[in-house]
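**Student:** Here you go, one structure.
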Amino acid sequence: MNAKELENIFRNSDSSDELFDAFHFAMTGRIKDEELYKKLLWNRALSVDEVSMYAQKVCSEFPEFSYNIFFWTAQIFESISSYGEYYDHALKYLMKSSESDKIKHEPYLKACLMYNPEIDVPEFNNLIEFVKKGIECTEFKSKLCFALSDLFHMKGQIKLMQTYKSMGEQFVKEGK
């Protein structure tokens with residue numbers, strides 16, 4: 001089986017067995033193609049558990065893909081959610097993505113943009129703790145502070161909104 005055949009199966013197959021066999025072939029053949037695995041993860045025939053399983057396996061075999069594969073998986077869970085149904089899964093994968101590359105700020109911002117205050121999804125306190133951790137290690141601390149400020153504004157927590165807005169402004173002055 002060549003890369004084109006694998007891509008065709010990953011894109012178009014609606015058989016879990018065929019997808020599993022093709023994935024097994026790709027893993028045993030040590031095929032290093034991040035985009036190919038993204039096509040597999042996006043296949044609509046896969047269950048939520050299967051998407052998670054394949055993402056974990058790809059990242060364990062090819063750790064250099066972890067940031068992008070985990071971020072992609074989070075985007076899949078976000079996009080298939082109705083009423084935030086899989087937002088907690090998405091947040092979990094954004095956390096994994098951030099663990100893979102602690103300097104990048106995008107997983108934290110993506111998590112903030114997902115927040116739905118009407119149904120508190122992803123859960124507000126978990127989201128806040130995640131983004132606060134990001135401030136400690138990311139390259140663009142100001143962006144995370146402004147995102148936190150916006151979240152606290154949504155919740156009507158004016159004092160915290162102002163605190164994080166001020167922190168963000170200070171980081172901007174410092175070039176962070």
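The values are calculated or read from the model by the stated rules, or taken from the named source; none is laboratory data. In this text the structure is predicted, and so the values were computed from the model without any measurement. Glycine also receives a Cβ, built like all others from the backbone with ideal geometry; neighbour counts cover every protein chain displayed.
**Student:** How many residues are in contact with a strand residue (DSSP E or B) (Cβ under 6 Å, 6 or more places away or on another chain) and among the aromatic types (Phe, Trp, Tyr) when one looks only at segment 78-112?
**Tutor:** Quick first cut of segment 78-112, residues in contact with a strand residue (DSSP E or B) (Cβ under 6 Å, 6 or more places away or on another chain) only: 84, 87.
Next cut, among the aromatic types (Phe, Trp, Tyr) only: 87.
Residues that pass the stated criteria total 1.
Residue by residue, here is whether (1) closer than 30 Å to Cys112 by Cβ; (2) in contact (Cβ under 8 Å) with a residue 40 or more places away in the chain; (3) under 15 Å from the mean Cα position of the chain (by Cα) holds:
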residue: Asn12; (1), (2), (3): no, no, no
residue: Ser16; (1), (2), (3): no, no, no
residue: Phe20; (1), (2), (3): no, no, no
residue: Asp33; (1), (2), (3): no, no, no
residue: Ser60; (1), (2), (3): yes, no, no
residue: Tyr67; (1), (2), (3): yes, no, yes
residue: Ile76; (1), (2), (3): yes, no, yes
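**Student:** Right, something else. How many of the residues in segment 79-110 are in contact with a Leu (Cβ under 9 Å, 6 or more places away or on another chain) and within 24 Å of Ser47 (Cα to Cα)?
**Tutor:** The qualifying residues number 3.
**Student:** Determine, yes or no, whether Leu94 is in contact with a Lys or Arg (Cβ under 9 Å, 6 or more places away or on another chain) and without any contact (Cβ under 8 Å) to a residue 60 or more places away in the chain.
**Tutor:** Against the criterion (in contact with a Lys or Arg (Cβ under 9 Å, 6 or more places away or on another chain) and without any contact (Cβ under 8 Å) to a residue 60 or more places away in the chain), Leu94 qualifies.
**Student:** Quick check on Glu5: is it surrounded by fewer than 17 Cβ atoms within 10 Å (Cβ to Cβ), farther than 13 Å from Ile76 by Cβ and modelled with pLDDT of 95 or more?
**Tutor:** Details: surrounded by fewer than 17 Cβ atoms within 10 Å (Cβ to Cβ): yes; farther than 13 Å from Ile76 by Cβ: yes; modelled with pLDDT of 95 or more: no.
So Glu5 fails the test.
Residues checked against (1) under 13 Å from the mean Cα position of the chain (by Cα); (2) under 22 Å from Leu6 (Cα atoms):
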position	(1), (2)
Gly29	no, yes
Lys39	no, yes
Ala45	no, yes
Tyr54	no, yes
Thr73	yes, yes
Lys92	yes, no
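**Student:** Same structure again: Quick one: which residue in Lys173, Lys143, Lys102, Lys133 is in contact with a Phe, Trp or Tyr (Cβ under 9 Å, 6 or more places away or on another chain) and surrounded by fewer than 20 Cβ atoms within 10 Å (Cβ to Cβ)?
**Tutor:** Lys133
**Student:** Out of all the residues in segment 105-130, which are assigned to a loop (DSSP other than H, G, I, E, B), buried (at least 17 other Cβ atoms within 10 Å of the Cβ) and touching a Gly at 6+ places or on another chain (Cβ under 8 Å)?
**Tutor:** Result: His105, Pro122.
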